[in-house]
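The values are calculated or read from the model by the stated rules, or taken from the named source; none is laboratory data. Since the structure is predicted, the reported quantities are computational estimates derived from the model, not experimental observations. Positions of Cβ are generated from backbone atoms using ideal geometry, with glycine treated the same way; all protein chains shown enter the neighbour counts. We work out accessible area using only protein heavy atoms, side chains counted, and drop any ligands, DNA or RNA first. Shrake-Rupley method; radii C 1.70, N 1.55, O 1.52, S 1.80 Å.
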Amino acid sequence: NAGVTQTPKFRVLKTGQSMTLLCAQDMNHEYMYWYRQDPGMGLRLIHYSVGEGTTAKGEVPDGYNVSRLKKQNFLLGLESAAPSQTSVYFCASSFNPRLAGGPGSEQYFGPGTRLTVT
Amino acid sequence: AQSVTQLDSHVSVSEGTPVLLRCNYSSSYSPSLFWYVQHPNKGLQLLLKYTSAATLVKGINGFEAEFKKSETSFHLTKPSAHMSDAAEYFCVVSDPGYSSASKIIFGSGTRLSIRP
């Protein structure tokens, strides 16, 4: 049981390049999330998914796209990277918080991807 | 609207002394509240959670938190700090009445340092 895994762990991009970050979870969670973490700003939600084939925008979605073709995978894409996207990216997953009535709504986080855009 | 405020960006205590990390929240509904810990270069790990059961919640590694509705607070405490407690701590509020992930709000974090 690996929990939530992310690939790659580190990446350096030049401005304008594209890349995809992969998140995988083996806990059969319906919900998956992508966050970015910047100093002094906590975690900010980029996009999320409430089930296979669904995606929705979070707090800071501009410049990112996502796809959830399989329940266990959630991909985050940067089509044209910018220096402002230099950050640490975290994927998380959880059960449906509404169905779980609260107790099951805790999130499980991956180890993060450190992205630098030059 | 939901919000969460961690009142201290940095807390420093001596090993063996009590720890207090403060969190205030606002929510239009009965929220779920969480504390997560993040060690350097690691992902976030759940410490404890409050979901409308007992107001005093015990978590891992000797941490506990008390939900005080009248004060809209959910402060994290530990009786005796250990060097391994040095990390970043995040308070999180979630409205369980919604299925939208946009209702999960993270505080800006408190960095806990432990002095030998």
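Numbers at a glance
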read-out	value
Structure-based [θ]222 nm, chain A - -39500 (n - 2.57) summed over DSSP H runs of at least 4, per residue, nearest 500	-500 deg cm²/dmol
Loss of accessible area when B meets A, both sides summed, Å² nearest 100, probe 1.4 Å	1800 Å²
Carbon/sulfur fraction of accessible area - chain A, other protein chains in place, 1.4 Å, %	54 percent
Nonlocal amide H pairs with B:Phe63, under 5 Å, H built at 1.01 Å	none
Charge dipole (debye, nearest 20) of chain B; +1 at Cβ of Lys and Arg, -1 at Cβ of Asp and Glu	80 debye
Those lysines that a straight Cα-Cα span of less than 17 Å connects to B:Lys42, excepting residues fewer than 8 apart in one chain	A:Lys9
Cleavage-rule hits (GluC sites (Glu not before Pro)) in segment B:1-75: DSSP loop, at most 14 neighbouring Cβ within 10 angstrom	B:Glu15, B:Glu71
With DNA, RNA and ligands ignored, accessible area of A:Met27 (1.4 Å probe; Å², nearest 10)	40 Å²
J(HN,Hα) series, segment B:26-41, from Karplus relation 6.51 cos²θ - 1.76 cosθ + 1.60, nearest Hz, glycine and proline x	9, 7, 7, 10, 7, x, 9, 10, 9, 10, 10, 10, 10, 7, x, 6
For the protein assembly as shown, size of Cβ-based charge dipole, Lys and Arg +1, Asp and Glu -1, in debye	260 debye
